[in-house]
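Presented below is the structure to which this report refers.
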Amino acid sequence: MDIESLAPVVDSILEAAETRGGGGDRLSVSPHSFPDAVEAAAADGRVPVIAEIKPTSPTTTGERTEDSVVLAEQMVEGGATALSVLTEPSHFGGSPEALDRVREAVEVPVLRKDFILREEQLDTVAADMVLLIARFLNDLDRMVDAARERGFQVLVETHTATEVEAAIEAGADIVGVNNRDLTKLEVDLETFEEVAPTVPEDVLLVAESGIGSQRDVERMQAAGADALLVGSAIMDGDVTANTRRLVTTEGHDT
């Protein structure tokens, strides 16, 4: 685990994650296919967007207090291809219970977004896909295997070409490139543009963080993104309208 020079709040998040256990019994899930959902959205003329239910965040102000299921249904109404649900409680206001309820309520794939550090933490709650952050896992290949053994699809998050290499060596077939630098919490869309060419063409590529306008969407797609993970730009305001604005390929804003 590379934890040198992390932003203090990220250190705090990791410390909290270290203390959280797993859910007990080993999970076995039958996931909705995320690659199939991405293909279907593109065929339907929609930008494949993973809309994120994020009640609060260390990098934003305010808090959304609506029921997670209501937010999820609004995102799907707006055209979201998949949903991401925060289950980290201390810094993001999420919970495994919220994810469980959302997954029961919608038919699209649901990603569990959390800082998963140990195998037993995979057994906290069923989801269609789990996030594993390459930077924080020295045993990434084992964690990818452990997640797949439970039936999860795996989104491996990276930030550098070196982390992409580690993800591919671990067998990742869905890779995210996070535009947010966890050392300073700064966002730069050039990160994706620089790192994306190192991802093999047969890997499903997700652009994460900092995507707020249709211009950003076009920029990420031009750089090779197959799908986009969007949180704050959707959660800030009318969730349905914000989702629809980003998934629509006509009437682009600036």
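Every condition in (1) small (G, A, S); (2) within 15 Å of the chain's Cα centre (by Cα); (3) surrounded by fewer than 20 Cβ atoms within 10 Å (Cβ to Cβ) is met by G94 except one, and the failing one is (3).
Here is a yes/no grid of residues against (1) more than 19 Å from V177 (Cβ to Cβ); (2) in contact with a Ser or Thr (Cβ under 6 Å, 6 or more places away or on another chain); (3) among the aliphatic types (A, V, I, L, M); (4) crowded, with 20+ Cβ neighbours inside 10 Å:
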residue	(1), (2), (3), (4)
L111	no, yes, yes, yes
A126	yes, no, yes, yes
V130	no, no, yes, yes
L137	no, no, yes, yes
V144	no, no, yes, yes
V154	no, no, yes, yes
T158	no, no, no, yes
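Of the residues making up the range 104-142, those that are of a type in the set (K, R), under 16 Å from the mean Cα position of the chain (by Cα) and farther than 17 Å from E163 by Cβ number 2.
Identify, from the list T158, T162, the residue that is among the β-branched types (V, I, T) and either without any contact (Cβ under 8 Å) to a residue 12 or more places away in the chain or in contact with an Asp or Glu (Cβ under 6 Å, 6 or more places away or on another chain) (or both). Residue meeting the stated conditions: T162.
Could you give me the residue pairs with C-beta distances under 6 Å whose first residue belongs to the range 201-224 and is without any contact (Cβ under 8 Å) to a residue 60 or more places away in the chain, whose second residue is among the basic types (K, R) and surrounded by fewer than 21 Cβ atoms within 10 Å (Cβ to Cβ) wherever it lies, and which are 6+ apart or on separate chains? Close Cβ pairs (under 6 Å, with a partner that is among the basic types (K, R) and surrounded by fewer than 21 Cβ atoms within 10 Å (Cβ to Cβ)) amount to S209/R180.
Looking across the range 54-77, the residues that are at pLDDT below 95 and touching a Ser or Thr at 6+ places or on another chain (Cβ under 6 Å) come down to T60, E63. For the residues E15, E39, the requirement of being part of a helix (DSSP H, G or I), free of Cβ contacts under 8 Å to residues at least 24 places away in the same chain, under 19 Å from D114 (Cα atoms) and not aliphatic (A, V, I, L, M) singles out E15. Between A146, A80, A126, the distinction of being among the small types (G, A, S), in a helix (DSSP H, G or I) and either modelled with pLDDT of 95 or more or farther than 18 Å from A227 by Cβ (or both) belongs to A146 only. Within the range 200-230, the residues that satisfy the criterion of being among the hydrophobic types (A, V, I, L, M, F, W, C) and part of a loop (DSSP other than H, G, I, E, B) are V203, I211, A223, A225.
The values are calculated or read from the model by the stated rules, or taken from the named source; none is laboratory data. None of these values were measured; they are calculated from a predicted model. Cβ sites come from the backbone with ideal geometry, for glycine too, and all protein chains shown count toward neighbours.
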